[in-house]
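Q: Shown below is the structure under consideration.
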Amino acid sequence: MSQHPFLLAESDHQIQIPAGACQTTAFAADQLSYYLALVTGHQFPVREAAGDIRLEVAGEASQATEDDYGVQVSPEGILLWGRDAASVLFAVYDFLETYAGCRWLSEFEGGEIIPRRTDLTIPLGGYSRRPVFTHRAFTNYPGIDERTVQMVDWMAKNRFNRFMVFANVAGAWERYREVLKPHLALRGMKVEMGHHSFKYWLPPEEYFEQHPEWFAVVDGERSTRGQVCTSNPEVAREMASNLCAFLTENPEVDMVGLWPNDGYGWCECEQCRALEPQRTSTLYPPHAVRTETYFCFANEVARLVAQEHPDRRLSTLAYVNYVEPPSVALEPNISVCYAPFQHCYKHPLEAPAECVRPNARYAQMLAPWRERVTGELYLFAYWMMIDMCSLPYRMEETLAVDLPRLAELGVDGYVMEFKPEEWGTYGRNAHLIGRLSWDANTEVAAFNQELDESLYGPAASEMGAFAKAFVADYVQPGPCVHHYALEHTRRATEGLLRPAMEHLGRALAAACTGEKRHMQAVERTRVGVDLLLRFGEWQRAYAEAQSAEGPKGAVLVQRVASLAEELVAWIDTQAKSGAMDAPRAISTIRSWTQRLQRQASE
């Protein structure tokens, strides 16, 4: 038997798929044929007849766990196998990345990189992959459009496997069915309907007039501003009925979210207050803990849903004043999405003593949650930093510590919001999370170098030096940074960032010798640094105005307002840079400024 490597830079290879293959397996074969043709310049026909490149769904015959896949190369041919059709597609993309050098960048980063290879030889042997996390999901925030379709394509190529449709956005489900559904189905990706959803399953505009008793008592009266009345058994029955109807109509959805509306507003009626002791939440004072209230209600809905749909699951949320583990056992068809909302980006969850955020407390609660959840326990992960006003920040080292540790604690995965507008600022996190989801031992420095070479081309070295200087001078000596925090920007001065900016300037010059995509990627970073410096100037004025009184205070408040409008005007000019979510940044700037003006006038 010949031991020579398998040569693909020839024109007589065929791709074999099983007879009657599903659309995802057929799509995997088409993708392999398409990209191999781009790489080698030769055609690779797809046939149901015998061929020397085989795609195979291993199914129950395999000893692999969910999403496992692999590649086996012999002198006679190449076998790409997966536990299911989606895993076969993952095997195709991994094979193209490993042996052909393809790099799956998103459209928001200039698009994928497909090299031309005239000597594509595949060494004998092979490998198999097993995921660190089985639940690897993104969710739209806020809407669904053609950019979401591009995101789904990127997700599959980077081996993410789920998409959660955001129930809290009006029209999101309709847009999913119109725009996104065929693209997810083609790739064999799983679909869930979730997020803050009480008002989706019990819409106040439909029910409140006839059934005000189904809604929470807030400040002494029934209101649509809060949650539902969880002590009323009719509420559980009606929600379960609506959930079951939805699941019957949408068989592709394997899990639906029964999440409270965002915020607080739990019912204060006598029956609801009797559901659990009135004790203050340790993480979210002055609110009372509502874990038992919520999860007893979720259990009842889950039992009712299981009667009609025993194969489907309910996702629940551990969040704000219901993040503490309950004492009640959870129904087997309940999964829990754990949301460490107030955590620090600078430090890992098992944080050092100097971390002033509640990271350590969130980490301590994971073990008891794991004990109580027989279904999936996954994270609502804020790693894409959508509430950071697109301000640049680096947290790769934190991710490299947190993800393997979360796996050790029994966490099954995560779901993340993302915004295409700021992918140029935070997309790096998604790439690293995807890598860590399959290889917990990923070394950050090597990963960064590899990604920098793809993103920045001839500017990669200077961009790597920029990142090191930015982390050393801005991130590491700086304060804890978390959701909605802007105060950290007060440290952002040209003097502090000068070493990083010098590398950035050299990177801009080096990028001129590369492709357009390289210059655009470096330019997005430059825009981000400029945004940070401008925020810093505005925030320093803000802090000064807060501490001043009398006529001087009034003058300083006016200066803050002027700087805010200058910043808003500049952001408008950069709205399409790919580095920022301009509307969100502008809204935050104006909200902070108006609050300062109100305080000064009181």
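Q: Considering only segment 513-536, state which residues are part of a helix (DSSP H, G or I) and open to solvent by 50 Å² or more (accessible area, probe 1.4 Å).
A: Lys516, Met519, Gln520, Glu523, Arg526, Arg534
Q: Take the residues in segment 3-17 that are open to solvent by 60 Å² or more (accessible area, probe 1.4 Å) and assigned to a loop (DSSP other than H, G, I, E, B), then tell me which one is modelled with the highest pLDDT.
A: Gln14
Q: Moving on to the next point. As an exercise: evaluate Glu109 against (1) over 19 Å from Ala19 (Cβ atoms); (2) surrounded by fewer than 16 Cβ atoms within 10 Å (Cβ to Cβ) and give the number of the one condition it does not meet.
A: Just one mismatch for Glu109, condition (2).
Q: Then there's this: So, in segment 166-187, exactly how many residues are small (Gly, Ala, Ser) and either open to solvent by 50 Å² or more (accessible area, probe 1.4 Å) or within 19 Å of the chain's Cα centre (by Cα) (or both)?
A: 3
Q: Let me ask you something else. Hey, can you tell me all the residues within segment 260-276 that are within 15 Å of Asn321 (Cβ to Cβ) and either in contact with a helix residue (DSSP H, G or I) (Cβ under 7 Å, 6 or more places away or on another chain) or free of Cβ contacts under 8 Å to residues at least 12 places away in the same chain (or both)?
A: Passing the criteria: Pro260, Asn261, Tyr264, Trp266, Cys272, Arg273, Leu275, Glu276.
Q: I want to confirm something. Restricting to segment 157-177 and keeping residues that are at pLDDT 95 or above and in contact with a Phe, Trp or Tyr (Cβ under 7 Å, 6 or more places away or on another chain), which single residue is nearest to Phe246 (Cα to Cα)?
A: The qualifying residue nearest to Phe246 (Cα to Cα) is Val165.
Q: With segment 230-337 as the region, which helices (runs of 4 or more DSSP H) entirely inside it contain at least 2 residues that are touching a His at 6+ places or on another chain (Cβ under 9 Å) and open to solvent by 10 Å² or more (accessible area, probe 1.4 Å)?
A: Fully inside segment 230-337 and qualifying: 233-249.
Q: How many of the residues in segment 117-143 are β-branched (Val, Ile, Thr) and open to solvent by 10 Å² or more (accessible area, probe 1.4 Å)?
A: Residues flagged as β-branched (Val, Ile, Thr) and open to solvent by 10 Å² or more (accessible area, probe 1.4 Å) within segment 117-143 amount to 4.
Q: Another question, if that's okay. Looking at (1) part of a helix (DSSP H, G or I); (2) under 24 Å from the mean Cα position of the chain (by Cα); (3) farther than 15 Å from Met395 by Cα; (4) not charged (D, E, K, R), which is the only condition Gln539 fails?
A: (2)
Q: Would you please list the contacts, defined by Cβ atoms under 9 Å and residues six or more apart or on different chains, that run from a residue in segment 395-410 that is assigned to a helix (DSSP H, G or I) to a residue that is among the charged types (D, E, K, R)?
A: Glu396/Arg428; Thr398/Lys346; Ala400/Glu443; Val401/Glu350; Asp402/Glu350; Arg405/Glu350
Q: From Arg130, Arg117, Arg159, grab the single residue that is charged (D, E, K, R) and more than 25 Å from Ser437 (Cα to Cα).
A: Arg117
Q: Within segment 372-390, restricting attention to residues that are more than 10 Å from the chain's Cα centre (by Cα) and within 25 Å of Arg534 (Cβ to Cβ), which residue is surrounded by the fewest Cβ atoms within 10 Å (Cβ to Cβ)?
A: The qualifying residue surrounded by the fewest Cβ atoms within 10 Å (Cβ to Cβ) is Asp387.
Q: Still on this model: Do you know which of the residues in segment 352-362 that are without any contact (Cβ under 8 Å) to a residue 24 or more places away in the chain and in a helix (DSSP H, G or I) is nearest to His482 (Cα to Cα)?
A: Per the stated criteria, the residue is Asn359.
Q: Next up: With open to solvent by less than 50 Å² (accessible area, probe 1.4 Å), farther than 27 Å from Ala137 by Cα, modelled with pLDDT under 90 and of a type in the set (Gly, Ala, Ser) as the only criterion, which of Gly77, Gly51, Gly59 stands out?
A: One residue alone meets the criteria, Gly51.
The values are calculated or read from the model by the stated rules, or taken from the named source; none is laboratory data. It should be emphasised that the depicted structure is a prediction, and the values quoted were computed from it without experimental measurement. For neighbour counting, all protein chains shown are included, and Cβ atoms are generated from backbone atoms with ideal geometry for every residue, glycine included. Surface accessibility is based on the protein's heavy atoms, side chains included, excluding ligands, DNA and RNA. Shrake-Rupley method; radii C 1.70, N 1.55, O 1.52, S 1.80 Å.
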